[in-house]
Amino acid sequence: MGSRRTILAGIGTAVLLSCSSAFADEAQPFTAEAFRAVQDSGKPILVEIHASWCTTCAAQKPILSDLVADPKFKDMTVLRVDFDTQKKEVRGFHAQVQSTLIVFKGTKEVARSVGETNRDAIAALLNKAI
């Protein structure tokens, strides 16, 4: 019986880890070239100002992962700016803190939020780009 519980606990942990890392695979590292290319295509863009140590960013991650998996956001490109190593880009977006989410419709910024962890509010933000 104990062995079965250990196996089930291991499976549960693996599922949780795979779910929490799913968004990391969907977000691309930000580069100016990638950003311009997506802007030129006219597709919706989410720029995520992220820090690995940020608890708010960690709370946003599964929400964003779930939302961008929705078919209505299939054309959205997610670009992640590293708050700690991409200071020039952070300043270029006029972001003051990590956990800033900025959405674009082509070349136009249409909305942003800072520190938001409410799923419905984040969904409303993403909707403004499509």
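The values are calculated or read from the model by the stated rules, or taken from the named source; none is laboratory data. Here the structure is a predicted model, which means the values were calculated and not measured. With ligands, DNA and RNA removed, areas are computed over all heavy atoms of the protein, side chains included. Shrake-Rupley method; radii C 1.70, N 1.55, O 1.52, S 1.80 Å.
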note = The lysines whose Cα lies under 20 Å from the Cα of LYS61, excluding any fewer than 8 residues away in the same chain, are LYS72, LYS74, LYS128
note = With every protein chain kept in place and a 1.4 Å probe, the range 49-91 has an accessible area per residue in Å² of 52 Å²
message = Please compute the contact order of the range 30-110 in relative form: average sequence separation of alpha-carbon pairs under 8 Å and at least six residues apart, divided by the residue count, as a percent.
response = 48 percent
inquiry  = Could you work out what % of the accessible surface of the range 38-118 is carbon and sulfur, using a 1.4 angstrom probe and leaving DNA, RNA and ligands out of the count?
reply    = 49 percent
